[in-house]
Structures are given as C-alpha cells and as structure tokens.
Amino acid sequence: MHLRPYVAALLACVTVGGAGSPATTTAAAASLTPAAATLSTTPSTDTAGTGRLLAAANAARRAAGVESLFGRASYNATAVAMATAVVEARTVPTPTDGAPSVYAGGTAPEAEYDAAVDAAVANLVSTAHAVTTYALHTDAGVAVVREAVAGGVRYGIALVVGWPPPPVATDTGCATTRGYCWSTRGLNPHLPWTRNQVKWYLSTAGLPTAGESLVKTAIATLNKVNGFGADLVYAGKATTTTPDAAHRFVVVWGSGCPTADALACTIDSTQGSDHFVYQARTIVTASRYAANPGTTWWVGTLMHEIAHASGLGHFNGTYGGTYQLMRWADGPNAVQHGDANGLRRLAASGIVTASLRAVRGGGTHALVVRASNSGLGGLRAMHTECRDASGTWRIVARLAGTWDGRTADRTLGSATSGQTCRAVVRSKARTVTTAAVTLA
Ligand SMILES: [Zn+2]
C-alpha cells in the first residue's frame, strides 16, 4: 500500500473580541472655543492620529522583538467602520474573519484632542499588548476617526491584528477542473520565516544514510515548479525532532503517523481562522522506508508531503488523464499539472513592485531601485539598463541576493543626463520591469 495520509493540527489564535467596553474619557470642562471649521461634523479619518496608532503598535512589537506589521486594506476598512461606530455610539462591528480587535473612544476639547487620542492609543496598545506583539499576527488595520461635536471632538480608535488575505476562501476545497485540492489556506506569506525562504530541516534522529539525499532532491525538485511562489530550501540537519522557533519545517524519520502503515504523513500547524500554515512536521515511517528504500518512490513521497506543508490536500481523481502526486495513495512520483496549479494557488508569489529613480551627484546620476514583494519568494535579482545611442537596452549593473520582500532601495550603477533607463527586478517566481526614466 502507498498510504500518505495527512492530518492538520490547528492552533487557536489569541482573540480579543471587541475588548469589552470601550474606555471613555469625556471632558468635563466647558470648551473655550467652538470646534474649528476644519473639523467635520460628520465622522472623518484622522490620518495623523491613525499613523500614530500604527507607530505605537509597531513600537510595542519592536520592544517585544517582533517585526513591524503589514498593512491590510480590508482590516483598515474594518478599523474605520469600528472607529466610526464608536464615534456614532452605534454597535461596533468585529472583523468577519475573527481577527482580534480592540477599540476605544472619547470626547475631548479641541485643544486637548491630540493628547487625548495619544493617551487612548497608548492605553489601547497596552490593553491589546499580547495580540499586538504575537509573532503570528503579521497584518493590521488601524483607524482614528473624529467628529466635531458641541464642546469638542469625539473620537474613536480601532486596531485589528491578524494575517494576510488568504488565497482561497475556505479551509478545505477542490478545484476539480484544475486538478488539486487544499486542506489549509497555504503558507502565510508574511511571516519572516516563510515569505523569503521556507527553510526545511532534517532531523538527525533515526536518519538513514540516504535520507539527506532524498530530502534534498525532493525539496529542490518541488521548488522548481514554474510559478510556485514559495522558495523552499534545504537548510541542513538538526537534532530537533519537532518544529520549534529556529526550525519551523522539519522532516524526521521515525513513527507516529495517525495511520500506522502510512509511508509518511505531514502535520501542519496553522494559525487563526484562516488556517495559514506557519510550520509543519513531516514524519517518514522508518520501518516502511527500511522495508523498501527505493529512491524514486521516496523522493515522490517526500514531495507529496512537502506539498501538504505548502497547503495542498489530496486530489484523488485524474487530471489531464493522469493521477496526480497528491493522490492519497499510489500516485505518480513526480509533480503533475494539477499539483503545479495547486502550488501556484496555495503558495502564490507575492506582488513585486519596483521603481527606478536617479539621484544626481558628481556629474552622473546614481540609479536607485526601490523594490518590494508583498508575499512569498523575496527578491532574488535585479539589474539596471539604459538605452544606448542606437536605442538598444544595455545592462548597467546587476545585483543578486536572497533578500526579503520588505521595501528597500538599492543603488545599481549610474548614468548621465539625457539617458533613458529602467530596472528589471526578479522574485523567486516573478519578473517585473519598471517604467523607463529619462535622466534630467
Ligand atoms: Zn498525503
């Protein structure tokens, strides 16, 4: 038998639903001046205050050793709706995906408004410290909304923390016309240990001689699937037998699959109501391996398991006339078209954004490339190029690396006034070309 069962272990996220009653500070002092004409008597977003709320949340994260939050548009919209409801004294909505959220509100004399908001922000971030600094919460929405009222300014502030928009709308499902199923919502594309590289470690416990070669081959082969956004790498051996903070993805030879005669199994740890994978453990049943250690069969089995850890479930039918790697048992030992479709969907490349600008200095212009990747696959290479006299693009400078996708500037060569230049930026799975810039 060729059983490769799969079990998802779920980790509940910390939830602060609504955070109880909002803290309210109402100014008792009579206002000295009427509300300024610039303040709307209908709720409007306080952009500066909203920025201070996000900065306060990120400062709390930095103090806890956790990186900054990614902005999520739908969470921002939810935060605006929440803060507006606070201002209008209506029932405050909560995020539809169950993401933790907190809010507060109050009224202050106009002269004291900023200080009141800052105090409320500090209190809110303190109240929500645990969820704000939780490492698996990568994305946020923030809002400060205000409205001029008799005697001052009424304000509402709201903070939502959670995860990125998922690639699929359900935790499990199938795209039967595309040849794949999923059993989680794929790899979280914003975690520091997934969005650049997904490092797989191999436990030394019970490891057979050929084990490392099998795992290396499986990871390298799966990683080459065209358009697969995640960058899977073999990161070496480790003594751990289970995932930990330094080894999020682990293969171990041993026992313990839910089905005793399974060749192997993978236990994904997922987060939040969206069930993003943040770590996984693949068990190769040592007795099954020892009984029949054929290379092709085990590379196929390991690719199947690692595909589970990338989000895929079993697809037991045929697609394009053949069974898929993700068949529950007796599938082929190579990635098929349906499997590839699934990997591209569940572990999609992030959106790569790039621009080029010229910085004048010393008679030439430095070519500065600003690039980012919103999700999986980091940034891997970039070059600048300028047109020569005949109009042909000529490469000016190249740079390659294993960069994270956070926005950064990199200087790649220089050019002179009148030249037209552009940059080409590559992530693991995508290539973008910037708009051309003619140097002044
Ligand atoms: Zn399986």
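The values are calculated or read from the model by the stated rules, or taken from the named source; none is laboratory data. Keep in mind that this is a model prediction, so the values were computed, not measured. So basically every Cβ, Gly included, is an ideal-geometry build from the backbone, and we count neighbours across all protein chains shown. Heavy atoms of the whole protein, side chains included, go into the accessibility calculation; ligands, DNA and RNA do not. Shrake-Rupley method; radii C 1.70, N 1.55, O 1.52, S 1.80 Å.
Within the stretch 93-120, the set of residues being out of contact with any strand residue (DSSP E or B) (no Cβ under 6 Å at 6 or more places or on another chain), farther than 14 Å from V153 by Cα and hydrophobic (A, V, I, L, M, F, W, C) comprises A119 only. Exactly one residue out of G156, G151 is at pLDDT below 95 and over 20 Å from F70 (Cβ atoms), and it is G151.
For every residue, the table says whether it meets (1) away from the ligand (no atom under 16 Å from the Cβ); (2) under 24 Å from K428 (Cβ atoms); (3) of a type in the set (A, V, I, L, M, F, W, C); (4) touching a Leu at 6+ places or on another chain (Cβ under 9 Å).
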position	(1), (2), (3), (4)
V225	yes, yes, yes, yes
D231	yes, yes, no, yes
T242	yes, no, no, no
L263	no, no, yes, yes
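Residue by residue, here is whether (1) of a type outside the set (F, W, Y); (2) farther than 21 Å from A230 by Cβ; (3) assigned to a helix (DSSP H, G or I); (4) away from the ligand (no atom under 16 Å from the Cβ) holds:
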| site | (1), (2), (3), (4) |
| --- | --- |
| S269 | yes, no, no, yes |
| R288 | yes, yes, yes, no |
| P293 | yes, yes, no, yes |
| W298 | no, yes, yes, no |
| M303 | yes, no, yes, no |
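Quick one: in the stretch 58-92, of everything that is hydroxyl-bearing (S, T, Y) and more than 18 Å from I157 (Cβ to Cβ), which residue is surrounded by the most Cβ atoms within 10 Å (Cβ to Cβ)? So, considering only residues that are hydroxyl-bearing (S, T, Y) and more than 18 Å from I157 (Cβ to Cβ), the one surrounded by the most Cβ atoms within 10 Å (Cβ to Cβ) is S74. For the stretch 96-121, the tally of residues that are closer than 30 Å to V168 by Cα and open to solvent by less than 10 Å² (accessible area, probe 1.4 Å) stands at 4. A count restricted to the stretch 147-176 and to residues that are over 19 Å from the mean Cα position of the chain (by Cα) and either without any contact (Cβ under 8 Å) to a residue 60 or more places away in the chain or in a loop (DSSP other than H, G, I, E, B) (or both) stands at 5. Take T242 and tell me if it is open to solvent by 10 Å² or more (accessible area, probe 1.4 Å), touching a Lys or Arg at 6+ places or on another chain (Cβ under 7 Å) and closer than 25 Å to T295 by Cα. Yes: the conditions hold for T242. Do you know which residues across the stretch 325-344 are within 11 Å of the ligand (Cβ to nearest atom) and open to solvent by less than 40 Å² (accessible area, probe 1.4 Å)? L325, M326, A329, G331 - these are the residues of the stretch 325-344 that are within 11 Å of the ligand (Cβ to nearest atom) and open to solvent by less than 40 Å² (accessible area, probe 1.4 Å). Quick check on the stretch 186-200. Is at least one of its residues among the β-branched types (V, I, T) and surrounded by fewer than 24 Cβ atoms within 10 Å (Cβ to Cβ)? Checked against the condition, which is being among the β-branched types (V, I, T) and surrounded by fewer than 24 Cβ atoms within 10 Å (Cβ to Cβ), the stretch 186-200 yields no hits at all. Put simply, of T138, T127, T176 the only residue that is out of contact with any Lys or Arg (no Cβ under 8 Å at 6 or more places or on another chain) and buried (at least 24 other Cβ atoms within 10 Å of the Cβ) is T138. Exactly one residue among G362, G418 is open to solvent by 70 Å² or more (accessible area, probe 1.4 Å) and on the phi > 0 side of the Ramachandran plot, and that residue is G362.
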